Amino acid sequence: MSDGDLLDRIRVSGDVPRHVAVIMDGNGRWARQRALPRHLGHREGMKAVREVIEGSVDVGIQVLTLFAFCTVKWRRPAQEVSALMSLLQLYARKERDELRRQGVEVHVLGELQRWDQATRRAVGTIVDGTRGGTALRLNLMISYGGREEIIRSVRELARRVAAGELAPEQVDEELFSSTLFTEGLPDPDLLIRTSGEYRISNFLLWQLAYTELFISPVLWPDFCRQHLFEAVLDFQGRERRFGRVGAP
Ligand code: IPE
Ligand code: MG
């Protein structure tokens with residue numbers, strides 16, 4: 001089916017997910033299959049990022065959250081880490097104007113203090129340069145870990161309790177959510193993971209509580225908007241009960 005046909009089907013198939021999260025996986029395997037160095041797999045993955053952003057705008061998704069670099073990736077060889085950093089800088093430089101034109105507002109979330117100056121500067125330009133975009137909010141999760149995010153929130157709340165600003169009884173789901181990186185955003189409706197791995201891998205542990213999961217066998221560099229549309233259609237066919245009993 002063509003992209004246009006898939007989009008038409010999405011339009012008549014009910015609600016589209018407001019927030020889609022993606023674990024982009026399989027760059028290394030894509031490169032290995034072609035006997036290329038891993039960093040070329042990451043580079044090729046940039047194309048898929050573009051596809052998924054454009055596809056999200058077409059579908060009318062409001063928030064797209066991409067898991068670009070998790071905290072454990074710091075354990076990868078220094079050469080790969082620095083290749084990923086340069087790639088992020090390149091991405092920020094190359095894509096900023098196009099993203100702005102498309103109305104994409106970019107947020108970069110995670111433990112940014114671990115990044116070097118040049119990368120932080122590049123990230124700053126893309127964030128500043130796309131501020132106010134209304135077509136899509138794009139969260140690039142970089143140097144992010146779900147457990148670390150929860151610990152960070154717990155520390156913040158504990159600090160407020162210790163300072164006498166907050167009573168322990170006031171800590172509820174809403175308050176807790178407001179201390180996370182995704183503050184103010186709806187939880188993801190749909191999580192897509194590529195490369196056929198059935199794991200959450202420390203991504204958005206709190207926010208994914210009721211999210212529908214879609215595992216695609218496609219390696220990230222090969223992922224295109226058609227694959228996104230198929231995932232959305234699959235999502236539209238699901239019955240979401242949030243713990244309640246469904247219709248008989
Ligand atoms: C995804 O691919 C990595 C990033 C988005 C940075 P991997 O590097 O995890 O590739 P595999 O899993 O080794 O194939
Ligand atoms: Mg991987």
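Below are the figures for this structure:
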item	result
Compactness of segment 17-154, expressed as Rg and Dmax over alpha-carbon positions, Å	14.8, 45
His39 accessible area, 1.4 Å probe, all protein chains in place, Å² to nearest 10	90
Cα-based convex hull volume of the chain per residue, rounded to whole Å³	147
Gained length - Ala163 relative to Glu197, 0.36 nm times residue gap less alpha-carbon distance	7.9 nm
Helix-derived mean residue ellipticity, 222 nm - over the chain, DSSP H n ≥ 4, -39500 (n - 2.57), to 500	-14500 deg cm²/dmol
Efficiency of FRET from Cβ geometry, Val245 and Val127, R₀ 41 Å, rounded to 0.05	0.40
Percentage, to the nearest whole number, of Cα pairs in segment 101-248 over 21 Å apart	60
Per-selection metrics, segment 130-174 (Cα): Rg and Dmax in Å	15.3, 41
Per residue value of the accessible surface for the chain (all protein chains in place, 1.4 Å probe), Å²	52
GNM top mover of Gln62, Gln79, Gln102 - the chain, alpha-carbon springs below 10 Å	Gln79
Unit charges on C-beta of K, R, D, E only; dipole of segment 3-235, Debye	1240
Top positive-direction residue, dipole computed over the chain with Cβ charges, set Ala163, Leu90, Pro37	Pro37
Per-residue SASA entry for Val12, accessible area with 1.4 Å probe, Å² rounded to 10	120
For the chain: relative contact order, % (alpha-carbon pairs under 8 angstrom, 6 or more apart)	30
Kyte-Doolittle mean at least 1.0, axial Cα span of 15 Å or more - DSSP H helices of the chain	none
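The values are calculated or read from the model by the stated rules, or taken from the named source; none is laboratory data. Since the model is a prediction, treat every value here as computed from it, not as a measurement. FYI the Cβ positions are ideal-geometry reconstructions off the backbone, even for glycines, and counts take in every protein chain you see. Accessible surface is based on the protein model in full, side chains and every heavy atom, while ligands, DNA and RNA are left aside. Shrake-Rupley method; radii C 1.70, N 1.55, O 1.52, S 1.80 Å.
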